Structure formats: structure tokens, C-alpha cells
Amino acid sequence: MQVEIPIVETRDPPLYQQIAVKATQLRELGMTFPEIGQRLGVDRWTVGKAVRWLQRQRDAGSAYSSSSID
């Protein structure tokens, strides 16, 4: 039996996704986006994008977990 397995090119996630959890944790501790950016070595816009992306991921997950099927 022959099996063909496609080779899928993988890439590292974008920088904003890589820092999303840490940026969100620092934000919850009261740090500003510029402070977080300085700490993580990115600009404040990347920090904002990271925090918003993770929040959307969490919101999307909670929408599925809270729905009920009758």
C-alpha cells in the first residue's frame, strides 16, 4: 500500500502572535503599550496588535464553549 503525505511548509507565527500572551500579561499588570514594547523589544503598535489578537482568540473560543445544543 502506497501512502502519499503532502509536505506542508511551516513558518513561525508572526511576531505579534509570538508575544501575545506575554504582552497581555504585562498589560493586565498595568503596563502601557509603550512600556511593554520597550520591555519586549517591539513597538507599541505591535503590542496593541498582539493584545487585540489574543483577546479575539479568547472571545472566539468562549463563544463556542458557552453555546449549548438543545
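The values are calculated or read from the model by the stated rules, or taken from the named source; none is laboratory data. All of these numbers come straight from a predicted model, not from anything done at the bench. Quick note on the areas: whole protein, heavy atoms, side chains included, nothing else; ligands and nucleic acids left out. Shrake-Rupley method; radii C 1.70, N 1.55, O 1.52, S 1.80 Å.
Overview of results
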read-out	value
Unit Cα scatterers, Debye sum, the chain: log10 I(q)/I(0) for q = 0.13, 0.15 Å⁻¹	-0.52, -0.61
Solvent exposure ordering (accessible area, 1.4 Å, most first) of V47, V42, V21, V3	V3, V21, V42, V47
Exposure of L15 as accessible area (Å², to 10), given a probe of 1.4 Å and all protein chains	90 Å²
Exposure of T10 as accessible area (Å², to 10), given a probe of 1.4 Å and all protein chains	120 Å²
